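Notes for the one structure printed next.
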DNA sequence: GCTGCCTAGTAAAACGTTTTACTATACCGT
DNA sequence: ACGGTATAGTAAAACGTTTTACTAGGCAGC
């Protein structure tokens, strides 16, 4: 069958028409330069032989690769992979490929990935790891790369980003606990400077203070979150603070490890302890009892991320203003948060 | 800062050395052609200015893009995204990018994706959708693309693939049920011709027959799996067969919908019903009680997939034999499968 | 009959590599 | 002094596009 890849030169030769003309037609720039007949002839031939432009040659000539890299913290995390999927769909419709990789929240690794991709992709959609502020600034302001930051952001310099309303999300959670009758509300977070972690904590504290409640706080190290060490820490925390009647977990992984502890200790949810976690995840809905969450609006986040990025890419160098979106999370109330007073009647 | 991207020509001019020489040095082909001093000089300069070859130009010249597309059924599915993550890591170390997309098990969509990527990537790692046999054969034998098939395979023509030992996996599950004292073992599957679905069913039937047990079977339509309609079907199935004491779910999504039904009907696991599902998923481990599974060896699958693909790409056109791997699943016994006789004592 | 301006199209350079075929010099044995 | 060969390097073509600047011819206006 068709063995050799066909090029514009081949078409040119076959049809006795210059390469330039072919190119115009292929790129829909023939409108007022080339006659209808020639256009038709070329288009028909292209159709017939199934010609497809060589993208390397296009990239070489135009300097645009039509691909974007998505550097997630962990592409196998359901949150990031859901975002990835929806972005890919939109990107594809706009003629862009998405390459993915995982930073593992590791600065060195991220830098390595970055240098590999620099010059090879048109844009970076990235969840910067811890301590990446300066590297990111360099990437944007020195290397002049198109960068969309996701999930977390920095205050000390301007950049494009799409993030959640973390502060308000935490407030909503605390309010939810309060309204269900809880008065000893704990926060389990991560010892990190990343904006969502900081803001979730601040939102918690803010509302606790407003309500004049006592604060109970536990912070795990980043690398303990998914480990038995992390479980032990949570376990201790609960033992040392027996009057805690509710916990807000700052991330889904934290909550999952928390649930392991709670199950082990045979603590009853929501009777003994009410639970809210950040981030939706199917295990929360299926858990017994179902766990309440502050859900991130995944579709909207993905849309803003990719559309924002495409918009920036399209706007050439017209120094458009920075693209920043802060989307609200939604408190989804499930059985893990049933009102205290209702418990006796159920 | 460094505004303009630097090229071999620039280095050539700056150092008064021919482009050819630069190229040899950059590609480590200078060994016995270029003097140590020149090599050193060029390498130092490259280091200093941070030169990086333009990958479009390389692709154009060599005809290799150094990228692979991973067409998963659904990249947001934890199984596929876990595979994706591990493949990416290995690919990266070998100088390859991975582009991803989701077929949604939709033939038209997959064909569209395929034509986009044809010629643009060096290889396809793909989970072909339903009814894709002929399209896949064409892709491999007419278009002569490098293709690695994943998760499912076809019997009627040779191709590279990596799949699970589905038949044996189902056997293990049935045996597990049997050994825990169950005698009325049901199979909930999907009405599909895809090899894993067919083989899981066959494995179930085979072992049921061997053990001389009655078969109870339910097949959902593919698009009902995650829906309330699917739940209703499972619910009916259970009502119509009240003596079923165990269910093997052919996929994790099936099991998840099944668990919803079971929770709704307040059926007790494992007292009233033992459960095993194909595919590991964190919700299974965290569920109360934890759900037993036939786990796929994710790391091994990912390694075989990407290493196999890289191997084929490296072996040029030497018509190597087809790369086929069939990896065993592991029955992970959790509380959903406790022995019947033990129940009274617990 | 000339200028100017359309229309429909083309020639050729450029993008940044890789690779083949070549050259210039030196040295060595006879 | 000569051929042979090893060493160190280079010139130039090719990959397949896009795009700028051009042309050939026709026609309108005067």
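Take the conditions (1) in contact with a helix residue (DSSP H, G or I) (Cβ under 6 Å, 6 or more places away or on another chain); (2) away from chain B (no Cβ under 14 Å); (3) surrounded by fewer than 17 Cβ atoms within 10 Å (Cβ to Cβ); residue A:226 misses just one of them, which is (2).
Condition first: assigned to a helix (DSSP H, G or I) and either touching a strand residue (DSSP E or B) at 6+ places or on another chain (Cβ under 7 Å) or more than 8 Å from DNA strand C (Cβ to nearest atom) (or both). Now tell me which residues in the stretch B:12-35 satisfy that.
Step one: list which residues in the stretch B:12-35 are assigned to a helix (DSSP H, G or I), which gives B:12-15, B:19-26.
Passing the criteria: B:12, B:13, B:14, B:15, B:21, B:25.
Within the stretch A:21-32, residues that are at pLDDT below 95 have Cβ atoms under 6 Å from residues that are near DNA strand C (Cβ under 10 Å from one of its atoms) in these pairs: A:30/A:24; A:30/A:39, counting only partners at least 6 apart in sequence or on another chain.
Among the residues of the stretch A:300-309, are any crowded, with 23+ Cβ neighbours inside 10 Å and either modelled with pLDDT under 95 or over 29 Å from residue A:148 (Cβ atoms) (or both)? No, that holds for no residue. Scan the stretch A:58-95 for residues that are over 18 Å from the mean Cα position of the chain (by Cα) and more than 10 Å from chain B (Cβ to nearest Cβ) and jot them down. Within the stretch A:58-95, A:93, A:94 qualify.
Considering the stretch B:135-147 alone, what residues qualify as being in contact (Cβ under 8 Å) with a residue 24 or more places away in the chain and either under 16 Å from residue A:4 (Cα atoms) or in a helix (DSSP H, G or I) (or both)?
Filtering the stretch B:135-147 down to residues in contact (Cβ under 8 Å) with a residue 24 or more places away in the chain leaves B:135, B:139, B:143, B:145-147.
The answer is B:135, B:139, B:143, B:145, B:146.
The selection criterion, being within 12 Å of DNA strand D (Cβ to nearest atom) and closer than 30 Å to residue A:127 by Cα, holds for residue A:63. If I filter the stretch B:132-149 for residues that are modelled with pLDDT of 95 or more and closer than 20 Å to residue B:246 by Cα, do I get at least one hit? The answer is no; no qualifying residue exists. Of the strands (runs of 3 or more DSSP E) lying entirely inside the stretch A:246-312, those containing at least 1 residues that are closer than 21 Å to residue B:259 by Cα span A:292-295. Residues that are at negative phi and within 14 Å of another protein chain (Cβ to nearest Cβ) within the stretch B:263-283 comprise B:263, B:264, B:265, B:267, B:268, B:269, B:275, B:277, B:280, B:281, B:282, B:283, listed in sequence order.
From B:132, B:157, grab the single residue that is free of Cβ contacts under 8 Å to residues at least 60 places away in the same chain, surrounded by fewer than 18 Cβ atoms within 10 Å (Cβ to Cβ) and touching a helix residue (DSSP H, G or I) at 6+ places or on another chain (Cβ under 8 Å). One residue alone meets the criteria, B:157. Taking the criterion of being more than 14 Å from chain B (Cβ to nearest Cβ) and part of a helix (DSSP H, G or I), the only residue of the stretch A:109-133 that qualifies is A:133. Would you be able to say whether some residue in the stretch A:36-46 is within 20 Å of residue A:146 (Cα to Cα), out of contact with any strand residue (DSSP E or B) (no Cβ under 7 Å at 6 or more places or on another chain) and either facing chain B (nearest Cβ under 9 Å) or not in a strand (DSSP E or B) (or both)? No - not one qualifying residue is present in the stretch A:36-46.
The single residue among B:313, B:259 that is in contact with a helix residue (DSSP H, G or I) (Cβ under 9 Å, 6 or more places away or on another chain) and surrounded by 15 or more Cβ atoms within 10 Å (Cβ to Cβ) turns out to be B:259. Note on the stretch A:49-101: residues that are assigned to a helix (DSSP H, G or I) and within 16 Å of DNA strand C (Cβ to nearest atom) total 8.
Within the stretch A:276-298, the set of residues being under 21 Å from residue A:182 (Cβ atoms) and in contact with a strand residue (DSSP E or B) (Cβ under 6 Å, 6 or more places away or on another chain) comprises A:276, A:277, A:278, A:284, A:291, A:292, A:293, A:294, A:295.
The values are calculated or read from the model by the stated rules, or taken from the named source; none is laboratory data. Just so it is clear, the structure is predicted and the values come from calculations on it, not from any experiment. Every residue, glycine as well, gets a Cβ built from its backbone with ideal geometry; the counts of neighbours run over all protein chains shown.
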